[in-house]
Amino acid sequence: MAVCVPNILILGHSFVRRLRDDLAARFDARAAPNFHLPESGHVSLFGTGGRTVEKLSKYDLSSLHKYRPDIVILEIGTNDLSTLPPEVVGSQIDDLAHVLRYQYKVRVVGVCQVINRNTPQKSPDCHFNAKAALLRQYLSVVLDNQPGIFLWEHKEFYRSDRSFLCSDGVHCNAKGQYHLYRSYRGAILKALALL
């Protein structure tokens, strides 16, 4: 009997694009493009720098026809918080998760929580982490107990001293990339268990 191997798509902003490029460059011997999945599930990464929920919905959902994913791991919301309130961003993410599940027939959608930034107190973006915390709280309520949708926490990034971030205070350095890779792998394994 043939085993059906699920298609998995990690979809989002620059974090996803950067990790895809780093995996292709073999940035860490412990990281593999198939995320060391036991059934050799097919994993694709599709990310565009600067993506917001609105832009992803408008420009990137057509990529689902190419990838035909059973599972989508969403890394989105970070770029939205500079212009929109957390509740609006959360509502947009909830709507997007439902579009993926019911319009595009994705079997499981994992929504990643926004990673905090390392921003100076006097920068224009100094309130980003407070907004990110509100977004995480909002999503934990609206996504709770929805069939085929779950919220994923990048745990290592909340326990750290921000040593995972580049000098820009936003993107991941090599150490952070490996932790992001491990976190996505955890999200994929949770999604596989929900299939």
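The values are calculated or read from the model by the stated rules, or taken from the named source; none is laboratory data. All figures in this text were calculated on a predicted structure; none of them were measured in a lab. Don't worry about glycine lacking a Cβ; one is built from the backbone with ideal geometry, like all the others, and counts go over all protein chains shown.
Pairing each residue of segment 137-159 that is within 19 Å of residue 188 (Cβ to Cβ) and in contact (Cβ under 8 Å) with a residue 12 or more places away in the chain with any residue that is of a type in the set (Ser, Thr, Tyr) and not in a strand (DSSP E or B), provided the two are 6+ apart or on different chains, yields C-beta distances under 8 Å for 151/140; 152/183; 154/183; 155/183; 156/183; 157/183.
The set of residues in segment 164-182 that are among the aromatic types (Phe, Trp, Tyr) and either surrounded by fewer than 14 Cβ atoms within 10 Å (Cβ to Cβ) or touching a strand residue (DSSP E or B) at 6+ places or on another chain (Cβ under 7 Å) (or both) contains only 164. For the residues 137, 177, the requirement of being out of contact with any Gly (no Cβ under 8 Å at 6 or more places or on another chain), closer than 21 Å to residue 80 by Cα and modelled with pLDDT of 90 or more singles out 137. Among the residues making up segment 20-31, a single one is farther than 15 Å from residue 173 by Cβ, part of a loop (DSSP other than H, G, I, E, B) and touching a helix residue (DSSP H, G or I) at 6+ places or on another chain (Cβ under 8 Å): 30. Every residue in segment 117-128 that is crowded, with 16+ Cβ neighbours inside 10 Å and either modelled with pLDDT of 85 or more or within 15 Å of residue 83 (Cα to Cα) (or both), please. 128, the sole residue that qualifies. Once segment 175-185 is narrowed to residues that are closer than 14 Å to residue 32 by Cα and not polar (S, T, N, Q), the residue that is nearest to the chain's Cα centre (by Cα) is 184.
Could you say which residue among 51, 17 is assigned to a loop (DSSP other than H, G, I, E, B), touching a Ser or Thr at 6+ places or on another chain (Cβ under 8 Å), without any contact (Cβ under 8 Å) to a residue 60 or more places away in the chain and surrounded by 13 or more Cβ atoms within 10 Å (Cβ to Cβ)?
After ruling out the rest, the residue left standing is 51.
Yes/no matrix, rows are residues, columns are (1) small (Gly, Ala, Ser); (2) within 14 Å of residue 188 (Cα to Cα):
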residue: 10; (1), (2): no, yes
residue: 19; (1), (2): no, no
residue: 46; (1), (2): no, no
residue: 57; (1), (2): yes, no
residue: 77; (1), (2): yes, no
residue: 86; (1), (2): no, no
residue: 89; (1), (2): no, no
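May I ask you to verify whether residue 21 is within 18 Å of residue 106 (Cβ to Cβ) and at pLDDT 95 or above? Here the answer is no, as residue 21 does not meet what is asked.
For segment 39-48, a residue qualifies if it is touching a residue at least 60 places away in the same chain (Cβ under 8 Å) and aliphatic (A, V, I, L, M), and exactly one does: 43.
Conditions (1) at pLDDT 95 or above; (2) touching a strand residue (DSSP E or B) at 6+ places or on another chain (Cβ under 8 Å); (3) not acidic (Asp, Glu), marked per residue:
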residue	(1), (2), (3)
5	no, yes, yes
38	no, no, yes
42	no, yes, yes
51	yes, yes, yes
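Which residues, counting only those in segment 157-174, are in a helix (DSSP H, G or I), more than 14 Å from the chain's Cα centre (by Cα) and modelled with pLDDT under 80? Those that are in a helix (DSSP H, G or I), more than 14 Å from the chain's Cα centre (by Cα) and modelled with pLDDT under 80: 158, 159.
Mind listing just one residue for me: the one in segment 57-102 that is charged (D, E, K, R) and in a helix (DSSP H, G or I) and, of those, nearest to residue 151 (Cα to Cα)? Residue satisfying both the conditions and the ranking: 94. Restricting segment 65-100 to residues that are surrounded by fewer than 19 Cβ atoms within 10 Å (Cβ to Cβ) and of a type in the set (A, V, I, L, M), which is farthest from the chain's Cα centre (by Cα)? Top of the filtered list is 88.
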